[in-house]
Amino acid sequence: MGVIETGKPIIKNLNKTQKMVLASLIFATALVLAVVESMLPPPPIPVPGVKFGLSNIAVMYALFFLGWKQAYAIALLKGIFVFATRGAIAGALSLAGGVLSITVMLLLMVLFRNKISYTGISIFGAVFHNVGQFTVIALLYVGMNIWAFLPILLVSGVVAGIVTSTLLRFVMPAFQRLV
Amino acid sequence: MKFFKKSDILIAAVLLIISLGVYLVYNSIYGQSETKAEIYYYSELVQTVELNAGEEEIFSVSQEPDVVFQISDDGEIAFIESDCPDKVCIKTGKLDTVGQYAACLPNGVVLKIVPVGERSEDDPDIVVGR
């Protein structure tokens, strides 16, 4: 891990403080990406509330190249940020989606190591981000039928996963300059 | 780890096929059944309207006059006006299938499509937090 096609380790040996600073920079990037995304026009599809989740790019970078603790920390902080700015329900949604998605991506990374690509992990991450959010919505508003929404969750997850991993590929050099 | 592998296409294809399958099965079970729309205002059922094709209607509920619904002549219902900031309820578009759902959380208004007649005990109450 910590190695992309070039074979060069991305994160050199960082001490604790450097890791913490890097994690907070990535967290800041996640917030900026979320703001940028909210300014973009929504994807031209008839389903509301579906977005690419660009801030997931930052979370994925943290998970892939920094460590799982940092990734969870970023998801938690993002949940708190959303709670403070957009309210309790939005915060719970963000937290549930983020934590479940990181957990699934982490499991895939451990289980499949070199058999799976970043894109594959990203797709599952996005799908389970949706599933986590939907679970919270279903708990809050009892009576929702998961089968009616599953197709939307899956399709939008696949698209968002491909988009975020493609973007991660291009954003990577910028992230590496943070180190 | 690589950025992209051929197996990714397989993963994406399997997920898309599953979602298509779920969609088709769901529609074949519920797509044709008679439906009505229930409108909730903060957990309380305030209005139930039959969704009949051929009658166009625009209305709002007394608790929240700023939220306007429209039943189109093909028997679909949609939010068409609301004073909320994000307009998620309007963007949800037209609903006509059982289980579909649109909500305007800032105003506490929830629109839910249910089957006509059968109101089973399994249908839990909606609880909307204030």
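Every number in this text was worked out from the coordinates using simple rules, so none of it is lab data. Bear in mind that the values here come from a model prediction, so they are computed numbers and not experimental data. Don't worry about glycine lacking a Cβ; one is built from the backbone with ideal geometry, like all the others, and counts go over all protein chains shown.
Determine the distance separating the Cα centre of region A:78-155 from the Cα centre of region B:13-77; give it in Å without decimals. After rounding, the separation between the Cα centres reads 26 Å. Between the amide H of B:VAL68 and those of B:ILE80, B:GLU81, B:SER82, distances stay under 5 Å, these residues lying 5 or more places away or on another chain, with hydrogens modeled in the peptide plane. Report, as a whole number in µm² per second, the diffusion coefficient that Stokes-Einstein gives for the protein assembly as shown at 37 °C and 0.692 mPa s using the Kirkwood radius over alpha carbon pairs. The diffusion coefficient I find is 156 µm²/s. 3J(HN,Hα) couplings calculated from phi for region A:63-75 with the Karplus curve 6.51 cos²θ - 1.76 cosθ + 1.60 (θ = phi - 60°) are, in sequence order, 5, 6, 10, 10, x, 6, 4, 5, 4, 4, 4, 5, 4 Hz; Gly and Pro show x.
The Cβ shell under 14 Å around B:GLN47 holds other residues with a net charge of -3, Lys and Arg each +1, Asp and Glu each -1. Charged side chains reduced to their Cβ positions (Lys and Arg at +1, Asp and Glu at -1) give the protein assembly as shown a dipole of some 3000 debye around its Cα centre. Taking chain B as the reference, fit the longest principal axis to its C-alpha atoms, fit the long axis of helix B:6-30 to the helix C-alpha atoms, and give the angle between the two in degrees, 0 to 90, nearest 10. Once rounded, the angle reads 30 degrees. Counting every other Cβ atom within 10 Å of each residue's Cβ, A:LEU40, B:LEU105 order from fewest to most as A:LEU40, B:LEU105. Mean projected area of the Cα convex hull of region A:87-179, taken over all directions, amounts to 7.5 nm².
So for region A:16-178, what percent of the C-alpha to C-alpha distances run longer than 27 Å?
More than 27 Å apart: 19 percent of the Cα pairs in region A:16-178.
With a 10 Å Cβ neighbour count serving as the proxy for reagent exposure, in which order, fewest first, do A:SER38, B:SER62 appear?
With the sparsest Cβ surroundings first, the list reads B:SER62, A:SER38.
Remark: region B:71-80, residue by residue, has Karplus-estimated 3J(HN,Hα) of 9, 8, 6, 9, x, 10, 10, 8, 6, 10 Hz, where x stands for each Gly or Pro and the curve is 6.51 cos²θ - 1.76 cosθ + 1.60 at θ = phi - 60°. Within the same chain, lysines fewer than 8 places from A:LYS69 are excluded, and of the rest, those with a Cα less than 18 Å from its Cα are A:LYS12, A:LYS16, A:LYS19, A:LYS78. For region B:43-59, putting each phi into the Karplus relation 6.51 cos²θ - 1.76 cosθ + 1.60 with θ = phi - 60° gives couplings of 6, 9, 6, 9, 7, 10, 10, 6, 9, 9, 5, x, 10, 8, 8, 10, 7 Hz, in residue order, rounded to whole numbers and with x for Gly and Pro.
How much of the pair distance distribution for chain B lies past 19 Å, counting alpha-carbon pairs only, in percent?
Value for chain B: 56 percent of Cα pairs lie more than 19 Å apart.
If you bin all the Cα-Cα distances of region A:88-133 at 10 Å, starting from zero, the percentages per bin are 33, 46, 18, 4.
Between amide H atoms placed 1.01 Å from N, distances below 5 Å from B:GLY75 occur with B:GLY54, B:GLU55, all of them 5 or more places distant or on a separate chain. Remark on B:THR35: its backbone amide H falls under 5 Å from those of B:LEU51, B:VAL116, a criterion applied only to residues 5 or more positions apart or on other chains, H modelled at 1.01 Å from N.
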